[in-house]
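Structure first, then comments.
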C-alpha cells in the first residue's frame, strides 16, 4: 500500500484536475491523464456507464459535461489519499444556456508516474437549481 508521502504528488495532480475543470482548461484536464489511462464513469442516465481510454478521450468526456457552461463556480472540493488511491470530490455550480445547475462528482484515481492511470468516477447529474 502506498504511503501518504508517495501519494503527495497525486494530491497536487487531483487539485490541478479540479482547477482545470473549473477554468475549462481541457488541455489541462487531458494533461492529468496518462496516454493509456482508463476512465470509467457512472452517471444518472438511461445508459449510466461511460468508459474512455486515453487522455484525450477522458478529457473529451469531461468537456462534454462541463463545456457548455458560460459560468462555472467551484463550491467545494477535497483531494485526499485513500489507501493506494486518491479521492477527488468537487461540487460545482454552473450556468448553462437553460439555467443554473449544481453537480457533484467523486473520483477515485490510481496514479502512475505522476498521472492518472485508472479513474472511477460517480456523478450526481446536473441538478437544476431552484429559484
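Structure data summary
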{"quantity": "Count of residues meeting criterion [outside any strand (DSSP E or B) and closer than 19 Å to residue 27 by Cβ] in region 59-97", "calculated": "11"}
{"quantity": "Residues satisfying the stated conditions in region 38-58, i.e. over 22 Å from residue 127 (Cα atoms) and assigned to a strand (DSSP E or B)", "calculated": "38, 39, 51, 52, 53"}
{"quantity": "Residue match in region 13-26 (condition: under 24 Å from residue 129 (Cβ atoms) and in contact with a strand residue (DSSP E or B) (Cβ under 6 Å, 6 or more places away or on another chain))", "calculated": "yes"}
{"quantity": "Evaluation of residue 100 against (1) assigned to a strand (DSSP E or B); (2) surrounded by 18 or more Cβ atoms within 10 Å (Cβ to Cβ) (one fails), failing number", "calculated": "(2)"}
{"quantity": "Candidates 10, 54 - the one that is at pLDDT below 95, farther than 14 Å from residue 105 by Cα and surrounded by 15 or more Cβ atoms within 10 Å (Cβ to Cβ)", "calculated": "10"}
{"quantity": "Filtered residue count, region 78-95, keeping only those that are under 19 Å from residue 128 (Cα atoms), touching a residue at least 24 places away in the same chain (Cβ under 8 Å) and under 12 Å from the mean Cα position of the chain (by Cα)", "calculated": "2"}
{"quantity": "Residue under evaluation residue 28, criteria (1) surrounded by 15 or more Cβ atoms within 10 Å (Cβ to Cβ); (2) in contact (Cβ under 8 Å) with a residue 60 or more places away in the chain, criterion not met", "calculated": "(2)"}
{"quantity": "Number of the condition not met by residue 35 [criteria: (1) over 28 Å from residue 98 (Cα atoms); (2) touching a residue at least 24 places away in the same chain (Cβ under 8 Å); (3) in a strand (DSSP E or B)]", "calculated": "(2)"}
{"quantity": "Long-range neighbours under 8 Å by Cβ, at least six apart or interchain, first residue in contact (Cβ under 8 Å) with a residue 12 or more places away in the chain and at positive phi within region 53-77, second surrounded by 13 or more Cβ atoms within 10 Å (Cβ to Cβ) and not in a helix (DSSP H, G or I)", "calculated": "54/33; 54/37"}
{"quantity": "Condition met for residue 121 (buried (at least 16 other Cβ atoms within 10 Å of the Cβ) and under 20 Å from residue 40 (Cα atoms))", "calculated": "yes"}
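The values are calculated or read from the model by the stated rules, or taken from the named source; none is laboratory data. Everything quoted here is computed from the prediction, not taken from an experiment. Using ideal geometry, Cβ is built from the backbone for each residue, glycine included, and neighbour counts are taken over all protein chains shown.
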